[in-house]
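Peer 1: Provided herewith is a single structure, encoded as structure tokens, for subsequent inquiry.
Every number here is computed from the coordinates shown, using simple stated rules; none is lab data. Quantities reported herein were computed from a predicted structural model and do not represent experimental measurements. Reconstructed Cβ throughout: ideal geometry from the backbone, glycine too, with neighbour counts over all protein chains shown.
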Amino acid sequence: MFKVSINGKEYESQTDMALMDFLRDVLKITSVKNGCKEGACGTCTVIIDGKTTRACIQKLSRLEGKMVQTIEGFTERERDVFSYAFAAAGAVQCGFCIPGMVISGKCLIDQNSNPSREDIKQAIRTNICRCTGYAKIEDGILLAAKMLRENLEIPELKQTGRVGERTCRVDARDKTLGTAKYVDDYTFDDMLYGKNVFSKYARAKILSIDINKALTMSGVVAIYTAKDIPGQRYIGHLAQDWPGMIDVGEETKCCGDTLAMVVAETREEAMAAVKAVEIEYEELEPIRNPKEAAVDGAHQVHGEGFMQFGKFRIPENNVFDHEEVKRGNAEIALANSKFIVEGTFYVPPTEHAFMEPETAIGLPDGDGVMVITGAQGIYDEYHEISNYLGIPMEKVRIQSAVVGGGFGGKEDMSVQHQAALCAYLTKRPVKVFFSRQESINYHPKRHAMEIYCKIGCDENGILQGMKARLTSDTGAYASLGGPVLQRACTHAGGPYNYQNVDIEGNAYYTNNPPAGAFRGFGVTQSCAVVEPLINKLAEKVGISGWEIRYRNAIRTGQSLPNGQLADEGTAMVETLEAVKEEFEKYEADPNYYVGIASAMKNAGVGVGVQDIGRCNLKILKGKVHARSSAGAIGQGIQTVLLQIICETTGLTPDKIIVEHPDTKYTPDSGTTTASRQTTFAGEAAHQSSLKLKVDLDNGHTLEELEGKEYIGEFEFKTDPIGSSKPNPVSHIAYGYATQLVVIDKDGKLVKVVAAHDIGRIINPLSATGQVEGGVAMGLGYGLTEDFPLKDGIPQAKLGTLGVFRANQMPTVEVQLIEKNNPDSVAFGAKGIGEIVCVMGAPACQNAYYKKDGIFRYSYPLENTYYRKPKPAALKVK
């Protein structure tokens, strides 16, 4: 018998187990989150005898006589203070890490009622946040400390919800207290647990799968293999090349391939049975990188072919996708240039490291199935699960729980289709979940790329032309490899005014983990190459990195390198003017080195692909229910929709309920990707709100409008890549930005200045939080994050990925620039979710080049304060 005191109450357990499992599974205390179960992330932090501790690595057998506290054990005063402080500070984005942060803050305040910011950085240094950049979490703890120390009353939130107001997130309190329900927080009577049997090799032929021994194990209900899939076995948003399970006689494509699904009564029984499934492999030589993929006679990863856009296709020479952007005559422009710079750069794959590992629950729903998911686009899952199960779409329902981060990594299917399959076949609820390591091994990463680029300018630094060749490793499956390569190519010219470009890119299949969408979506990669070369050109001309950008910056009415004309909302010049004083100050100070980089990033899918946002308003019981499938992954779209409705109708926030995406009620607004939802779903909300406003202006009350629904839809048509038009419209809008990275003489980060053209600020609290979080991600990409592979097998764990921690983050000064016409769509707002992480790496490259004269061509940058050079013998190829 094991005894433990939790929140002042004594509990007993017949079996020894991890404290986190006892809290979550037995006591149903869900503020304690399972982010890794490795002691690395801090989402399960609790207080034990006055000290913060990770609940995942504490056994009940070691806790007798000790006092455990979770948020559920706070006083009502403490709960109210932390809820207010974290909401008012904008500390909450996806929210999955926040209860652990609150616990760390509370423990610190108990010991030091007046902590400094440095004290807080130290207190939360072992708690990872992938969303916020930590600054607003620190602000929240500082405010909570002040309120508790001075016994301040909790102010009444007087919010109009209007556009431009610092409106608190609609879900801030629930996320702060840990009551917001992520998928793993749901339980159902008679629920089973499903676990994948994964291939342990990147490439191997499956000779046999023996499930007999595993079937006899305690609690095992069923084990399914490829032959049990009733519908289409191959999934994929754009190319159906990804088998739900590999069959006997087939080859695996990567180490994350599923060979069978075990379903058991408990999580532990499912995990035990997975180990008992006997697989006979013939291990084969993998394709490790695009160079191996392109060799004549190389193994063809998808030699059997697949379906793409309704047509059967067999790729040649392992090339999944080829893209071109050609305008003017780059060869002549480069030949006539006074100065030339060129180089070949390498950017690595990167892990998203969202704090919530993938989980889905399948539920029998009549003769169909419902799936509770935590992903970025419920309608993608809606279509694919229908195909996977071979049932009509009307027999499938997808419902989104709160989502614990995404950044592109939750666009593809991972656990959703398997949960649906297991529930459909067993006729019982089934939860399918990934461990943190399984998540790292399986879901698509940021594309590794090798990029050659050559840029020329005249004697005054005016850009003349550029040539680029991009080679992308899309891994074992297509995912979003085509659109990512497109964006890398269409943005390689940068936010500048010249028209001679010759850009080609190829994405190759390999046996590495698949690569797909990741914040920045290809632009992160091409910007990491182009911007250092722009700085090198400035050096040759004899002007500063700021000056060359100012001379070439795209201005209204001018043509971008891809041909699109810059509209009246273009504020590239303004971003440079915003950072000029800081740039010149640090450039003149011998104690510091300042790196600079600029970028543009599209809003909307664009390039000729249909792009529609939808948001309907339904009046129920005197409230306006906003219904959109726009995925809320921490970026704040639900609050944006609320503010647009308030601004348009004049209603106050207490009259509006923003529902979670659900295919039964919420219309298809596309995937949360491409910085599109603020513009597209936002304008759809504006359109439906205008219709409601007509009724309100005519004197009707909400009670009188009971049951009425107002439909909102917005579509913008664009031109495809390679259009023959003189000035094609590639995207509805572009955001522009300039960032400075300042390091000291030791190479330590001192400050980041981030100036962003946002069009119109819907919510400055959320917008600055997006910038700060993106800066943290960009610094990690440039300085610390890597994803080493050996024969296609990931070699990293969460704790070794190099994700930035609070005590590593410098001060981030955010400057938001509004220029767009407020009468344009979504009140002129342009999404900034992606561009914020694009410039950090090249700005770091420039700062370190100024420090030591070494022009680095590979990321993450080596021989810096944050990353020492590895001995050659230890480098993983």
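Peer 1: Can you give the alpha-carbon Rg of region 612-715 over 2.2 N^0.38 Å, where N counts its residues? Walk me through the numbers on the way to the answer.
Peer 2: Numbers: Rg = 12.5 Å, N = 104, 2.2 N^0.38 = 12.8 Å.
So the Cα radius of gyration is 0.97 times the expected 2.2 N^0.38 Å.
Peer 1: Something else now. Taking the Cβ of each residue in H625, H660 as the centre, tally the other Cβ atoms inside 10 Å and list the residues starting with the fewest.
Peer 2: Working: H625 17, H660 20.
Ranking H625, H660 by Cβ neighbours within 10 Å, fewest first, gives H625, H660.
Peer 1: Give me the percent relative contact order of region 612-715, please, defined on Cα pairs under 8 angstrom at least 6 residues apart.
Peer 2: Values: 211 pairs, mean separation 46.3, N = 104.
In percent, rounded to a whole number, it is 45.
Peer 1: Which value, in debye to the nearest 20, describes the size of the charge dipole of the chain about its Cα centre when Lys and Arg Cβ atoms bear +1, Asp and Glu Cβ atoms bear -1, and nothing else is charged?
Peer 2: Working: 97 positive and 110 negative charges, 269 e Å.
Using Cβ point charges on Lys, Arg, Asp and Glu, the chain gives about 1300 debye.
Peer 1: Return the loop-located trypsin sites (Lys or Arg not before Pro) in region 768-864 (DSSP other than H, G, I, E, B) with at most 16 other Cβ atoms within 10 Å of their own Cβ; answer none if there are none. All intermediate terms of the calculation are to be shown ahead of the outcome.
Peer 2: On the way: sites: K790, K797, R805, K819, K830, K850, K851, R856; in loops: K797, R805, K819, K830, R856.
In loop regions of region 768-864 (DSSP not H, G, I, E or B), the sparsely surrounded trypsin sites (Lys or Arg not before Pro) are K797.
Peer 1: May I ask you to list the aspartates and glutamates whose Cα is less than 19 Å away from that of K121, ignoring any residue fewer than eight positions away on the same chain?
Peer 2: D110, E138, D139, E772, E813
Peer 1: With 28 Å as the limit, write out which pairs from K158/K618; K580/K851; K467/K748; K28/K410 have Cα-Cα distances beyond it, or answer none. Walk me through the numbers on the way to the answer.
Peer 2: Working: K158/K618 25 Å; K580/K851 20 Å; K467/K748 34 Å; K28/K410 26 Å.
With Cα atoms farther than 28 Å apart: K467/K748.
Peer 1: Taking amide hydrogens as modeled 1.01 Å from N in the peptide plane, which residues meet the under 5 Å criterion relative to A515, leaving out close sequence neighbours?
Peer 2: K445, G475, A476, Y477
Peer 1: So, in Å, what gap is there between the alpha-carbon centers of region 727-792 and region 188-267?
Peer 2: Between the Cα centres of region 727-792 and region 188-267 lies a distance of 39 Å.
Peer 1: Next question. Based on Cα positions only, what radius of gyration and what Dmax would you give for region 128-170, in angstroms?
Peer 2: 13.2, 34
Peer 1: Each residue of region 526-532 in turn: what ³J(HN,Hα) in whole Hz from Karplus with 6.51, -1.76, 1.60 and θ = phi - 60°, glycine and Pro shown as x?
Peer 2: These are the phi-based 3J(HN,Hα) values: 5, 5, 5, 9, 5, 5, x Hz.
Peer 1: Right, here's the next one. So the label point goes 7 Å from the Cα of S858 along Cα→C-beta, right? Which residues of region 761-793 then have their backbone N under 15 Å from it?
Peer 2: 783-790
Peer 1: Under 5 Å between amide hydrogens, which residues at least 5 positions from S858 or on another chain qualify, with H placed 1.01 Å from N in the peptide plane?
Peer 2: Y346
Peer 1: Short version: ³J(HN,Hα) in whole Hz for each residue of region 287-303, in order, from phi by Karplus 6.51 cos²θ - 1.76 cosθ + 1.60 (θ = phi - 60°), x for Gly and Pro, what are they?
Peer 2: 8, 8, 7, x, 5, 5, 5, 8, 5, 4, x, 5, 4, 8, 4, 10, x
Peer 1: Sorted by mean Cβ packing within 10 Å, highest first, what order do the peptides 721-727, 517-523, 108-114 take?
Peer 2: Details: 721-727: 12.7, 517-523: 29.4, 108-114: 14.9.
Highest-to-lowest ranking by the protection proxy: 517-523, 108-114, 721-727.
Peer 1: Shape of region 47-107 from its Cα gyration tensor (a ≥ b ≥ c, root eigenvalues): rounded if a/c is under 1.5, otherwise prolate when a/b > b/c, or oblate?
Peer 2: Cα axes put region 47-107 in the prolate bin.
Peer 1: Picking from G505, S766, S479, whose Cα lies most toward the positive end of the charge dipole for the chain (charges on Cβ: Lys, Arg +1; Asp, Glu -1)?
Peer 2: Value: S766.
Peer 1: If you don't mind, there's one more thing I want to ask. Could you state, as a whole-number percent, how many of the C-alpha pairs of region 487-624 are farther apart than 22 Å? Please report the intermediate quantities before stating the final value.
Peer 2: Working: 4940 of 9453 pairs.
That fraction is 52 percent.
Peer 1: Just going by the charge dipole of region 540-616, with Lys and Arg at +1 and Asp and Glu at -1 on Cβ, which of P590, G569, V607 is farthest out on the positive end?
Peer 2: V607
Peer 1: Any chance you could list the semi-axes, whole Å, largest first, of the equivalent ellipsoid that the Cα gyration tensor gives for region 150-308, using √(5λ)? Please list the in-between numbers first.
Peer 2: Values: eigenvalues 378, 140, 42 Å².
For region 150-308, the semi-axes come out at 43, 27, 14 Å.
Peer 1: 5 Å is the cut-off here: which amide hydrogens, built 1.01 Å from N in the peptide plane, fall below it relative to D365, excluding neighbours closer than 5 in sequence?
Peer 2: Here M370 satisfy the definition.
Peer 1: Each residue of region 666-675 in order: what ³J(HN,Hα) in whole Hz does its phi give by Karplus 6.51 cos²θ - 1.76 cosθ + 1.60, θ = phi - 60°, with x for Gly and Pro?
Peer 2: Taking θ as phi minus 60°, the curve returns 9, x, 5, 10, x, 6, 6, 6, 6, 6 Hz for region 666-675.
Peer 1: Give me the orientation-averaged projected area of the Cα convex hull of region 213-267, in nm², one decimal. Mind dumping the intermediate values first?
Peer 2: Values: hull surface 20.3 nm².
If you wrap the Cα atoms of region 213-267 in a convex hull and average its projections, you get 5.1 nm².
Peer 1: Indicate, rounded to the nearest 5 percent, the antiparallel portion of the DSSP beta bridges found entirely in the chain.
Peer 2: Around 75 percent antiparallel, to the nearest 5.
Peer 1: Okay, moving on. With a cut-off of 8 Å between alpha carbons and a minimum separation of six or more residues, what is the relative contact order of the chain in percent?
Peer 2: On the way: 2327 pairs, mean separation 119.9, N = 877.
It rounds to 14 percent for the chain.
Peer 1: With unit charges on the beta carbon (Lys/Arg positive, Asp/Glu negative), name the residue among T639, L705, G650 whose Cα is farthest towards the positive pole of the charge dipole of region 612-715.
Peer 2: T639
Peer 1: Magnitude of the Cβ-charge dipole of region 612-715, K/R +1 and D/E -1, about the Cα centre, nearest 20 debye? Each step should come with its number before you reach the end.
Peer 2: On the way: 11 positive and 14 negative charges, 36 e Å.
In total the dipole reaches around 180 debye.
Peer 1: Answer with a single label: of (i) 0.92; (ii) 1.20; (iii) 1.00, which was calculated as Cα Rg over 2.2 N^0.38 Å from the structure in view?
Peer 2: The value computed from this structure is option (i).
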